[in-house]
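First up is the structure itself, then whatever we jot down about it.
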Amino acid sequence: MRSSGDEIWESRWSRLTPESEIRMWDFFGLRHWILKYVPRHGIVLDAGCGLGRYVFYLNELGVDCVGVDLSDKAMTSIQEYRQNSRLIGEFCRGSVKSLPFADSSLSGYLSGGVVEHFVEGPQHVLSEAFRVLRPGGIAIISTPSLSVSQLLLQTKTKVKREITKILRRMRGVTTSRPKFFQYWYTPRRLRNFIQSSGFRVVLAKGADVFYSLYELGYIPKRDNLLNKAISRMENTFIANGGAQSITISYKPAREMYCFLCGKLKVRDTLRRKTAVPICDDCSSRSCAKYYIEVGRPRLSHTHIINPVFKTAEQGLCEYCGKKYRVHEIYEYYGFAKRVCPDCVVLPEINIELANEYVQPIWRERGKSF
């Protein structure tokens with residue numbers, strides 16, 4: 001028997017496509033968080049992957065990412081799209097409450113807008129995430145936040161509902177309670193849930209200022225000073241009032257897998273300041289500098305609003321100097337620095353791009369350009 005939530009998802013995925021989800025890029029503004037902290041070694045799971053946009057994207061960047069989702073419609077759309085495109089990615093239908101993976105088998109766990117949809121709370125889902133992650137495995141978990149925009153919208157909705165209830169009572173009509181769809185968790189509340197599941201939470205912040213304004217009706221049309229200012233807010237305390245709560249955590253153990261080399265040789269990092277488990281041998285690598293201090297990932301470039309698709313063009317790789325054809329779906333891979341398909345999958349280059357050259361691109365979800 002399907003719940004109202006199942007019906008909502010089936011309806012939503014029937015109106016969207018994997019390609020439209022990919023091409024919206026940073027309509028939801030958490031990509032720089034994900035790229036900074038997603039493991040480059042081992043298998044990463046996108047739990048509740050929807051139409052698979054991050055599974056396809058991360059595989060293009062050399063990350064071994066697989067997707068799980070319960071929606072039949074999403075799985076059908078993904079399989080059809082994969083057959084008609086050159087994108088790669090493995091998917092299976094399944095529940096995030098009972099994952100088809102062995103204990104301690106995954107290096108990373110992504111969950112974007114999933115754990116808030118369970119009326120009983122997220123504990124069971126988070127316990128399952130903890131089970132499948134290997135020691136030192138990274139969990140990147142986000143939910144809608146109880147932001148300023150949501151407080152305004154929910155207050156407005158509540159007032160309208162109360163007025164409707166009074167009017168219906170005056171006519172002798174019974175009012176039913178609205179069906180549950182999701183919760184909105186503040187960063188602190190989400191952090192508490194994740195910690196209680198056994199994880200060591202490194203970061204718990206609010207993010208995504210653009211989407212907060214979009215919820216209130218603001219739709220950016222083109223590049224201008226206002227949009228640049230909004231984009232810069234993402235690097236400030238103002239972002240804590242953004243539309244999403246996001247957490248970065250890992251599975252602690254006496255011996256853990258290193259984030260940079262993927263080998264099981266990290267001792268407990270409780271007294272270290274690194275944001276992720278890093279072994280002694282890797283601590284001197286140039287890319288380790290990005291993880292020495294724990295802090296909000298910074299956007300080094302402001303958003304580009306509704307750019308024309310970059311297709312049928314040639315690029316010049318700024319790493320190897322080779323000419324290459326711009327990707328027909330991923331354009332410049334969402335980076336401000338030009339990189340060819342051979343270089344973008346190299347972990348050292350990939351990590352530098354993720355930390356210094358993420359180019360946020362905003363296109364409205366479901367729109368064609």
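In degrees, nearest 10, range 0 to 90: what is the angle between the Cα axis of helix 72-84 and the longest Cα principal axis of the chain? With both axes taken from Cα atoms, the answer is about 40 degrees. Equivalent-ellipsoid semi-axes for the stretch 311-369 (Cα gyration tensor, √(5λ), whole Å, largest first): 21, 15, 8. In terms of its C-alpha gyration tensor, the stretch 154-238 has an oblate overall shape, because the principal axis ratio a/c (a ≥ b ≥ c, square roots of the eigenvalues) is not below 1.5 and a/b does not outweigh b/c. Considering only Gly52, Ile230, Ala129, and ranking their Cα positions along the charge dipole of the chain that arises from unit charges at the beta-carbon of Lys, Arg, Asp and Glu, the one farthest toward the positive end is Ile230. Against the chain, whose longest principal axis is taken from its Cα atoms, helix 123-132 shows a tilt of about 20°.
Restrict the search to the stretch 164-211; then list the chymotrypsin sites (Phe, Trp or Tyr not before Pro) that DSSP places in a loop and that have at most 13 other Cβ atoms within 10 Å of their Cβ.
On the way: sites: Phe180, Phe181, Tyr183, Trp184, Tyr185, Phe193, Phe199, Phe210, Tyr211; in loops: Phe180, Phe181, Tyr183, Trp184, Tyr185, Phe199.
Listed in order of number, the matching sites are Phe180, Phe181.
If a spin label sat at a point 7 angstrom from the Cα of Leu264 along the line to its beta carbon, the backbone N atoms of the stretch 38-80 nearer than 16 Å would be those of 42-43. Our helix-only sum for the chain, with -39,500 (n - 2.57) per DSSP H run of n ≥ 4 divided by its residues, gives a mean residue ellipticity at 222 nm of -9500 deg cm²/dmol.
P(r) tail, the stretch 233-369: Cα-Cα pairs separated by more than 18 Å, 66% of all pairs. If a/c stays under 1.5 just call it rounded; otherwise compare a/b with b/c (prolate if a/b is bigger, oblate if not). Do that for the stretch 19-76, with a ≥ b ≥ c from the square roots of the Cα gyration tensor eigenvalues. Here the stretch 19-76 falls in the oblate category.
Going by how many other beta carbons lie within 10 Å of each one, how would you line up His32, His117, His124, fewest first?
Values: His32 23, His117 19, His124 15.
Starting with the residue having the fewest Cβ neighbours, the order is His124, His117, His32.
Assuming 1.002 mPa s and 20 °C, estimate D for the stretch 4-254 with Stokes-Einstein, Rh taken as the Kirkwood radius over Cα pairs, in µm²/s. Provide the component values of the computation, followed by the final result.
Values: Rh = 19.4 Å.
It diffuses with D of about 110 µm²/s by this estimate.
Of Ser77, Ser98, the sequence from fewest to most neighbouring Cβ atoms within 10 angstrom is Ser98, Ser77.
Annotation for the stretch 234-297: GluC sites (Glu not before Pro) lying in DSSP loop with at most 12 further Cβ atoms inside 10 Å of their Cβ are Glu293. Note on Arg171 and His124: their simple-model spin labels are 3.8 nm apart, each label 7 Å out from Cα toward Cβ.
Counting other C-beta atoms within 10 Å, and keeping those with at most 10, which DSSP coil trypsin sites (Lys or Arg not before Pro) do you find in the stretch 15-107?
On the way: sites: Arg15, Arg23, Arg31, Lys36, Arg40, Arg53, Lys73, Arg82, Arg86, Arg93, Lys97; in loops: Arg40, Arg86, Lys97.
Filter output for the stretch 15-107: Arg86.
Where a ≥ b ≥ c are the square roots of the eigenvalues of the C-alpha gyration tensor, would you call the stretch 285-337 rounded, which needs a/c under 1.5, or, failing that, prolate if a/b is larger than b/c, or oblate?
Numbers: a/c = 3.56, a/b = 1.55, b/c = 2.29.
Verdict is oblate for the stretch 285-337.
Radius of gyration (Cα atoms) of the stretch 57-174, expressed as a multiple of 2.2 N^0.38 Å: 1.50. Taking the DSSP beta bridges with both ends in the stretch 4-254, the antiparallel portion is around 45 percent.
Laboratory data are not the source of any read-out in this text; all were calculated from the coordinates shown. Every value quoted in this text rests on a predicted model; they were computed, and no experiment measured them. Cβ coordinates were reconstructed from backbone atoms using ideal geometry, including for glycine residues, and neighbour counts include every protein chain displayed.
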